[in-house]
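Encoded as structure tokens, the structure appears first; notes follow it.
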């Protein structure tokens, strides 16, 4: 919510020792919520093809169609932020079957003109490795840095490095969901693919289907066959690894794994796409959906209605947040 800390952020701050620390982080988060997002879609990335971006092409070719019509958002027996249940009518759209992977996001970085001076391992990039523009695009620095990158490759939980020739995913993590992207970075990747981030209404429709299930697979509680939740920082799983957790429409990994950026500003229900919450130029927290593998990893937060994600400042990378893309039905694929 613009200009206000979320319930979970306030709870986290209350656990920190020392008023000075609390004041610092509260100030940094308040500034982030009022920082206008950069439009990285203007960076001029080389178009993706099967030769330079096979992962991106495969993701585009396997997008699933979500039919237009009425869908239920929210529920009456959930937390206040999820109330009340209401119906929205959506146009048909397409959605990525799985979350965007480290391999796919590395392809996007390779399509950009980013000058890398020295090779670096994932999580180990610093000023000595990059040009000044590269620092601004790939590092977030301290909480008060003022930077708003595409992705925080200077974070220990990043899984993309550079081998002097190109950006490459860490061995064993190519097919894992990419973490540490900012909201603007996720949006820019989707734009490169001729797509966009899903609205939170589209995301929930893809997860719940026309039957408005509580979880993507139905109304029974989560279990390890349906949801990936390791509970350990940085221990992610390959995308599509829990087919039993698919939504009625066949979309995978909508519960657990990484939380997912949506295009929507975090505002109260009822959902109204015309009230400014879908304006990509506005500052403010963006909704993340789906729970995650480490923080929102219990039955109450792995629901398809959960919209109060942990620590989702849009200008920062996060170990527990990834994304997938959506597209209008009339939009031609790649």
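Kindly check whether there is at least one residue in segment 64-80 that is more than 22 Å from the chain's Cα centre (by Cα), modelled with pLDDT of 95 or more and assigned to a helix (DSSP H, G or I).
Scanning segment 64-80, I find at least one residue that is more than 22 Å from the chain's Cα centre (by Cα), modelled with pLDDT of 95 or more and assigned to a helix (DSSP H, G or I), so the answer is yes.
For segment 109-214, which fully contained helices (runs of 4 or more DSSP H) count at least 2 residues that are under 24 Å from residue 42 (Cβ atoms)? Break it down into steps so the answer makes sense when it comes.
On the way: elements: 132-138, 183-192, 200-208.
Those helices (runs of 4 or more DSSP H) span 132-138, 183-192.
The rows are residues; the columns are (1) buried (at least 21 other Cβ atoms within 10 Å of the Cβ); (2) touching a helix residue (DSSP H, G or I) at 6+ places or on another chain (Cβ under 9 Å); (3) within 14 Å of residue 197 (Cα to Cα).
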residue: 237; (1), (2), (3): no, no, no
residue: 242; (1), (2), (3): yes, no, no
residue: 258; (1), (2), (3): yes, no, no
residue: 317; (1), (2), (3): yes, yes, no
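As an exercise: evaluate residue 244 against (1) modelled with pLDDT of 95 or more; (2) farther than 21 Å from residue 81 by Cα; (3) part of a loop (DSSP other than H, G, I, E, B) and give the number of the one condition it does not meet.
(3)
When you look at residue 194, is it surrounded by fewer than 21 Cβ atoms within 10 Å (Cβ to Cβ) and within 27 Å of residue 276 (Cβ to Cβ), yes or no? Please lay out each step first, then the result.
Details: surrounded by fewer than 21 Cβ atoms within 10 Å (Cβ to Cβ): yes; within 27 Å of residue 276 (Cβ to Cβ): yes.
So residue 194 fits the description; yes.
Collect the residues in segment 273-290 that are free of Cβ contacts under 8 Å to residues at least 60 places away in the same chain, part of a loop (DSSP other than H, G, I, E, B) and in contact with a strand residue (DSSP E or B) (Cβ under 8 Å, 6 or more places away or on another chain), keeping them in residue-number order. Reasoning before the result, please.
Residues of segment 273-290 that are free of Cβ contacts under 8 Å to residues at least 60 places away in the same chain, as a first pass: 274-277, 279, 288.
Of the ones still in play, those that are also part of a loop (DSSP other than H, G, I, E, B) are 274-277, 279.
Across segment 273-290, the qualifying residues are 276, 277, 279.
Would you confirm, using the coordinates I've provided, whether residue 121 is surrounded by fewer than 18 Cβ atoms within 10 Å (Cβ to Cβ) and either over 18 Å from residue 323 (Cβ atoms) or modelled with pLDDT under 95 (or both)?
Details: surrounded by fewer than 18 Cβ atoms within 10 Å (Cβ to Cβ): yes; either over 18 Å from residue 323 (Cβ atoms) or modelled with pLDDT under 95 (or both): yes.
Yes; evaluated as a whole, the condition is true for this residue.
In this structure, does residue 224 turn out to be in a loop (DSSP other than H, G, I, E, B), under 23 Å from residue 173 (Cβ atoms), without any contact (Cβ under 8 Å) to a residue 60 or more places away in the chain and more than 16 Å from the chain's Cα centre (by Cα)? Can you show your working first?
Values: in a loop (DSSP other than H, G, I, E, B): yes; under 23 Å from residue 173 (Cβ atoms): yes; without any contact (Cβ under 8 Å) to a residue 60 or more places away in the chain: yes; more than 16 Å from the chain's Cα centre (by Cα): yes.
Judged against the criteria, residue 224 is a match.
Counting only residues that are under 20 Å from the mean Cα position of the chain (by Cα) and either in a loop (DSSP other than H, G, I, E, B) or closer than 20 Å to residue 215 by Cα (or both), how many does segment 81-93 have? Step through it out loud before you land on a result.
Pass one, segment 81-93, residues under 20 Å from the mean Cα position of the chain (by Cα): 81-82, 93.
Subset that is either in a loop (DSSP other than H, G, I, E, B) or closer than 20 Å to residue 215 by Cα (or both): 81-82.
Residues in segment 81-93 being under 20 Å from the mean Cα position of the chain (by Cα) and either in a loop (DSSP other than H, G, I, E, B) or closer than 20 Å to residue 215 by Cα (or both): 2 in total.
Residues being part of a loop (DSSP other than H, G, I, E, B) and under 25 Å from residue 311 (Cβ atoms): count how many of those fall in segment 33-56.
Going through segment 33-56, the residues part of a loop (DSSP other than H, G, I, E, B) turn out to be 34-39, 43-53.
This time we only want the ones that are under 25 Å from residue 311 (Cβ atoms), so: 34-39.
Count: 6.
Tell me yes or no: at least one residue of segment 294-308 is under 19 Å from residue 151 (Cβ atoms), buried (at least 21 other Cβ atoms within 10 Å of the Cβ) and in contact with a strand residue (DSSP E or B) (Cβ under 7 Å, 6 or more places away or on another chain).
no
The values are calculated or read from the model by the stated rules, or taken from the named source; none is laboratory data. Nothing here was measured: the structure is a model prediction, and the numbers come from that model. Neighbour counts are summed over all protein chains in view; Cβ atoms, including those assigned to glycine, are modelled from backbone coordinates with ideal geometry.
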